Amino acid sequence: MSDKTATLPGTREHAGFVKTNLREYGMLLSLFAIMLFFELVTDGTLLRPLNLTNLVLQNSYIVIMALGMLLVIVTGHIDLSVGSVAGFIGAIAAVLMVRYGVHFIPATIACLALGALIGAAQGYWVAYFKIPSFIVTLAGMLVFKGLALAVLQGQSVGPFSPTFQKLSSGFIPELFPGAGTLYPTSLLIGAALALGLVYISVKTRARRASHGVEVEPTSFFALKNAILVGVVIYFTYLIASHRGLPNVLVIMVALIALYGFVTTRTTIGRQIYAVGGNEKAAKLSGIKTERLTFLTFVNMGVLAALAGLVFAARLNTATPKAGLGFELDVIAACFIGGASAYGGVGRVAGAVIGALIMGVMNNGMSILGIGIDYQQVIKGLVLLGAVCLDVYNQRR
Amino acid sequence: MSTLLEMRGISKAFAGVKALEDINFTVRQGEIHAVVGENGAGKSTLVKVLSGVYPHGSYDGSIVYDGRERHFRDINDSEALGIIIIHQELALIPLLSIAENIFIANPPSRFGMIDRDAVYKRSQQLLAKVGLNEAPDTLVTNIGVGKQQLVEIAKALSKEVRLLILDEPTASLNESDSAALLDLLVEFRSQGMSAILISHKLNEVARVADRITVLRDGRTVDTMDCQASTIEEDRIIRKMVDRDLEHRFPKREPTIGEPVFKVENWSVYHPLHAGRQVIKNVDFQVRRGEIVGIAGLMGAGRTEFAMSLFGRSWGRRITGRALLHGREVDLSTVSRAIDAGLAYVTEDRKQLGLLLADDVRKNITLANLGSVSSGHVIDDIKEMRVASDYRNRMRIRCSDVYQASGNLSGGNQQKVVLSKWLFTDPEILILDEPTRGIDIGAKYEIYCIINELADAGKAVIMISSEMPELLGICDRICVMNEGAFVGEFDRSEATQEKIMRVIVRKGERLVDRDLQRSSAEELSGGALR
């Protein structure tokens, strides 16, 4: 082992290290830059506790779907139907709970199962019949948009029971109710999360270093973790000073952690990337490429259903227009986050950051009073710009 | 006869590897000049230099055509002077009509619109000229390969062709189509056209060629005049393959054990052309510690045979028995084949072997992720150790195991693919063109690895188009041709001439199989004496 350690460029220049990893952190830096920009031009409105909480609530369903979309895009496919599916599931949920008075737990389970079924129905054609996913999901988009209309009979259905509404507009219960304006439970959770992240990264680094794997310079590592802790605590502080952590944020963070783990550390995650990187080579290596593709679509269906429930709970009503155009925001989030349209490349963190960039821009521009017309123009240009920059970086 | 084309001192190198070296080649007016040579002898490169696919300046030497030195920048320059190539793979568009295909590049037009009547009429004339009795508006996909080849020639004739270059024109044709095509060439010659005919089939070459040039390892070995002397096939074969074999292969004392893997009555049909039997009920076996070579020309069915064995990755309607240690095994999916102890190292490492964007480590563990993970969670330290271990053992030259495999040289990429399969701990290792496109030094290292594997008791099946390599490495060489094994040689008796003879004799497609067998026996007997 010792001779190998010597060949490893462990003592690489700090500047060189930053340069090679700039692409990794480039997305995060642009998110901060965009946030800083809007914070300044909106005179501090962006990061006000109320607005920040709203920002989370408004974008939660995009982030949730982006996690599934990332996997679909990594396998080299696309899913255009997610917006319609989310809308359709919202409609089903409303009909079940409001019209038929089904309890929200069985109704939620039924909706998630239906989402899986929809994903399976689409994934089947894509994976086993080799019909281009663009076509299958374009068909799905029309079908489920139409079905949502039919189920709702063209009307809005609501309101939901208060317990179901808590899914997206509720906040975690406060354990110390007498503690004043700040919500200590939320703050504690934030602090625990920050410490947990630092603990994991310190441990991983130590483990890797002890086995002679290249690790980043100590000063860089310390700085990175300091920033991480600072950011997490600051944001929980801001959110806690409104009404505490929203339930949906907890769901979102848990899902991000789960998908981050699955994509980077598990065999199935590795195999999904292999399918997208070179399907034939993956197949010749014994990977069941069809089944994996199928499963990514099933997964997408479940997450689209969850997003549909969150969105319906937030609006407190299911409308035939729910979910309209969500697929575009979700797909844009993945591509802004560095996923490759050719498959095989993309990270969960990237997709989440991409979704947040879109969310912050939506929110910031709305505060500034920019019309929906120019908002779309600007978002379109940001998408193109982000992808161009990525392609340019790769060519270098 | 005046000289139409003269290529003087042509040399061309790819990344330091010499593909052509000081080639001198002439074509006279109204002559059919055949070019023969092994796979990789430089025939295609020569044609690409001539036609401007490799533009002037990317090679050394000069091309004199029609009395003047020419500097072709691209294929349009050479076509403008009447140099037309018909490639081995037909370049027709299946869902367009014959007429549309003929005039695809520059259709006759009036006022900027395609003149359909003129297209139709001129197509008819051209089809009559090549003797193809089909309506010009028939879709190309609806006619057979033989007729498609004639459409290609009609397409060539639609341009002012003076020098027609045919690259293996009869490779996919049956006997009568081949004969018709060759007759057509002879007829064109009588009208003063010149032609370069690239072919493996010596009987065809001997039938129509005026002169034959033999290429070997990028050099012109000989040019023979067919009128002046009778052509001896043996002489051509010797010239095609003769070269120094010493010091290019590591020595090995084989210790061969019991038969490990047996294939009986294996038959495979083409995945698209339902009626085409690509592997014709073959039997095959390999023993412990043995390296068996499979020789043959491109398209003989070697890769198809290997891939159909490996999890039915190629072909349809696969039948036959595969036996491992005398017991029948299920090889119906890739993962089952891997579990049974098979590994297949593909000939096309970029398309079928590697995740080019991913690093060396991920590529090495891909086929056996279970061994570096517990409960579906990958142990990254263990994975790194496995990868580093293979990196050291195989001497993969990379900055670390986190380097993208796409940035490695061909030889190192091949070692990564080999590592991937060795990590699955196979008993039977199928290597398909394991040294294709890699430099001599890396080749030697790969040979050493193969020897070590055989010494470790693995059964190695090696498919290669490089005959010296087969002779230098293998304990036994099977020759495949047109989906069947047509000859088998022990290491002690195998020579390049014998193998090449079996291959080119088979190219004659004798109707009477017994006659053929007896002639093959005669030949091998003769060579033994």
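With (1) part of a loop (DSSP other than H, G, I, E, B); (2) closer than 20 Å to A:Pro320 by Cα as the list, and A:Val95 as the residue in question, which single condition is left unmet?
Condition (1) is where A:Val95 drops out.
Which of the numbered conditions does A:Gly301 fail, given that it passes all the others? Conditions: (1) in contact (Cβ under 8 Å) with a residue 60 or more places away in the chain; (2) at the interface with another protein chain (Cβ under 9 Å from one of its Cβ atoms).
The single condition A:Gly301 does not satisfy is (2).
Looking at B:Thr435, is it within 11 Å of chain A (Cβ to nearest Cβ) and either among the β-branched types (Val, Ile, Thr) or under 21 Å from A:Gly277 (Cα atoms) (or both)?
Considered against the rule, which asks whether it is within 11 Å of chain A (Cβ to nearest Cβ) and either among the β-branched types (Val, Ile, Thr) or under 21 Å from A:Gly277 (Cα atoms) (or both), B:Thr435 comes out as no.
Yes/no per residue for (1) crowded, with 20+ Cβ neighbours inside 10 Å; (2) hydrophobic (A, V, I, L, M, F, W, C); (3) touching a helix residue (DSSP H, G or I) at 6+ places or on another chain (Cβ under 7 Å):
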position: B:Glu347; (1), (2), (3): yes, no, yes
position: B:Lys350; (1), (2), (3): no, no, no
position: B:Leu354; (1), (2), (3): yes, yes, yes
position: B:Asp358; (1), (2), (3): yes, no, yes
position: B:Thr365; (1), (2), (3): yes, no, yes
position: B:Ser371; (1), (2), (3): no, no, no
position: B:Gly375; (1), (2), (3): no, no, no
position: B:Arg385; (1), (2), (3): no, no, no
position: B:Tyr390; (1), (2), (3): yes, no, yes
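Any idea which residue in segment B:306-331 is surrounded by the fewest Cβ atoms within 10 Å (Cβ to Cβ), counting only those that are out of contact with any Ser or Thr (no Cβ under 8 Å at 6 or more places or on another chain) and at the interface with chain A (Cβ under 9 Å from one of its Cβ atoms)?
B:Ser313
Among A:Ala222, A:Ala254, A:Ala206, which is the only one that is within 12 Å of chain B (Cβ to nearest Cβ), without any contact (Cβ under 8 Å) to a residue 24 or more places away in the chain and exposed (fewer than 14 other Cβ atoms within 10 Å of the Cβ)?
Matching residue, one of A:Ala222, A:Ala254, A:Ala206: A:Ala206.
Quick check, is A:Val275 crowded, with 20+ Cβ neighbours inside 10 Å, under 25 Å from the mean Cα position of the chain (by Cα) and either β-branched (Val, Ile, Thr) or not in a helix (DSSP H, G or I) (or both)?
In short, yes.
Of the conditions (1) among the hydrophobic types (A, V, I, L, M, F, W, C); (2) closer than 25 Å to B:Glu493 by Cβ; (3) outside any helix (DSSP H, G or I), B:Leu470 fails just one. Which one is it?
The one condition B:Leu470 does not meet is (3).
Tally up the residues in segment B:25-55 that are assigned to a loop (DSSP other than H, G, I, E, B), closer than 17 Å to B:Val214 by Cα and not small (Gly, Ala, Ser), please.
Matching residues across segment B:25-55 total 3.
Considering only residues of segment B:128-153 that are under 13 Å from B:Ser97 (Cα atoms) and of a type in the set (A, V, I, L, M, F, W, C), which is surrounded by the fewest Cβ atoms within 10 Å (Cβ to Cβ)?
B:Ala135
In segment A:354-396, how many are out of contact with any Asp or Glu (no Cβ under 9 Å at 6 or more places or on another chain) and under 17 Å from A:Ala341 (Cα atoms)?
Qualifying residue count for the region: 16.
Out of (1) facing another protein chain (nearest Cβ under 10 Å); (2) outside any helix (DSSP H, G or I); (3) surrounded by 20 or more Cβ atoms within 10 Å (Cβ to Cβ); (4) not charged (D, E, K, R), the odd one out for A:Tyr342 is which?
Status for A:Tyr342: all satisfied but (3).
Counting only residues that are closer than 28 Å to B:Ser199 by Cα, surrounded by fewer than 17 Cβ atoms within 10 Å (Cβ to Cβ) and basic (Lys, Arg), how many does segment B:61-108 have?
Looking only at that region, the number is 1.
Which residues, counting only those in segment A:279-298, are assigned to a helix (DSSP H, G or I) and at the interface with chain B (Cβ under 8 Å from one of its Cβ atoms)?
A:Lys280, A:Ala281, A:Ala282, A:Lys283, A:Leu284
Name the strands (runs of 3 or more DSSP E) wholly inside segment B:180-229 in which the number of residues that are among the charged types (D, E, K, R) and touching a residue at least 60 places away in the same chain (Cβ under 8 Å) is 1 or more.
Once the strands (runs of 3 or more DSSP E) in segment B:180-229 are filtered for at least 1 residues that are among the charged types (D, E, K, R) and touching a residue at least 60 places away in the same chain (Cβ under 8 Å), what remains is B:211-216, B:219-225.
Can you find, within segment A:1-51, the residue that is farthest from A:Val382 (Cα to Cα) among those that are modelled with pLDDT of 65 or more and of a type in the set (Asp, Glu)?
My answer is A:Asp43.
Kindly check whether there is at least one residue in segment B:109-122 that is without any contact (Cβ under 8 Å) to a residue 40 or more places away in the chain, farther than 23 Å from B:Ile75 by Cβ, surrounded by 14 or more Cβ atoms within 10 Å (Cβ to Cβ) and of a type in the set (Gly, Ala, Ser).
yes
Being without any contact (Cβ under 8 Å) to a residue 12 or more places away in the chain and either among the aromatic types (Phe, Trp, Tyr) or over 11 Å from B:Leu366 (Cα atoms) (or both) is the filter here, so list the residues in segment A:265-287 that pass it.
Within segment A:265-287, A:Arg265, A:Thr266, A:Gly269, A:Lys280 meet the criteria.
Quick one: in segment B:449-470, of everything that is under 27 Å from B:Ala41 (Cβ atoms) and small (Gly, Ala, Ser), which residue is surrounded by the fewest Cβ atoms within 10 Å (Cβ to Cβ)?
B:Ser465
Against the conditions (1) within 24 Å of the chain's Cα centre (by Cα); (2) more than 14 Å from chain A (Cβ to nearest Cβ), where does B:Thr303 fall short? Just the number, please.
(2)
Has segment B:407-423 got at least one residue that is small (Gly, Ala, Ser) and within 13 Å of another protein chain (Cβ to nearest Cβ)?
The answer is yes; a qualifying residue exists.
Counting only residues that are in contact with a helix residue (DSSP H, G or I) (Cβ under 7 Å, 6 or more places away or on another chain) and in a loop (DSSP other than H, G, I, E, B), which one in segment A:114-167 is surrounded by the most Cβ atoms within 10 Å (Cβ to Cβ)?
Ranking the qualifying residues of segment A:114-167, first place goes to A:Phe160.
Based on what the data block shows, is B:Pro426 away from chain A (no Cβ under 13 Å), part of a loop (DSSP other than H, G, I, E, B), within 30 Å of B:Gly289 (Cβ to Cβ) and touching a strand residue (DSSP E or B) at 6+ places or on another chain (Cβ under 7 Å)?
Judged against the criteria, B:Pro426 is not a match.
Tell me which residues, restricted to segment B:332-365, are in a loop (DSSP other than H, G, I, E, B) and either away from every other protein chain (no Cβ under 12 Å) or under 22 Å from the mean Cα position of the chain (by Cα) (or both).
Across segment B:332-365, the qualifying residues are B:Ser332, B:Gly341, B:Thr346, B:Glu347, B:Asp348, B:Leu354.
Okay, residues lined up against (1) farther than 27 Å from B:Ile438 by Cβ; (2) of a type in the set (D, E, K, R):
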| residue | (1), (2) |
| --- | --- |
| B:Leu4 | yes, no |
| B:Glu21 | no, yes |
| B:Val36 | no, no |
| B:Gly42 | no, no |
| B:Asp66 | yes, yes |
| B:Arg70 | yes, yes |
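Determine which member of the set A:Ala281, A:Ala254, A:Ala274 is of a type in the set (Gly, Ala, Ser) and under 25 Å from A:Ala121 (Cα atoms).
From the options A:Ala281, A:Ala254, A:Ala274, the qualifying one is A:Ala274.
Among the numbered criteria (1) under 30 Å from B:Thr223 (Cα atoms); (2) in the same structural domain as B:Pro434 (by TED's automatic domain parsing), which single criterion is violated by B:Glu304?
Checking B:Glu304 against (1) under 30 Å from B:Thr223 (Cα atoms); (2) in the same structural domain as B:Pro434 (by TED's automatic domain parsing), the one that fails is (1).
The values are calculated or read from the model by the stated rules, or taken from the named source; none is laboratory data. A quick note: this is a predicted structure, and the numbers were derived from the prediction, not measured. Every residue, glycine among them, receives a Cβ derived from its backbone with ideal geometry; neighbour counts consider all protein chains shown.
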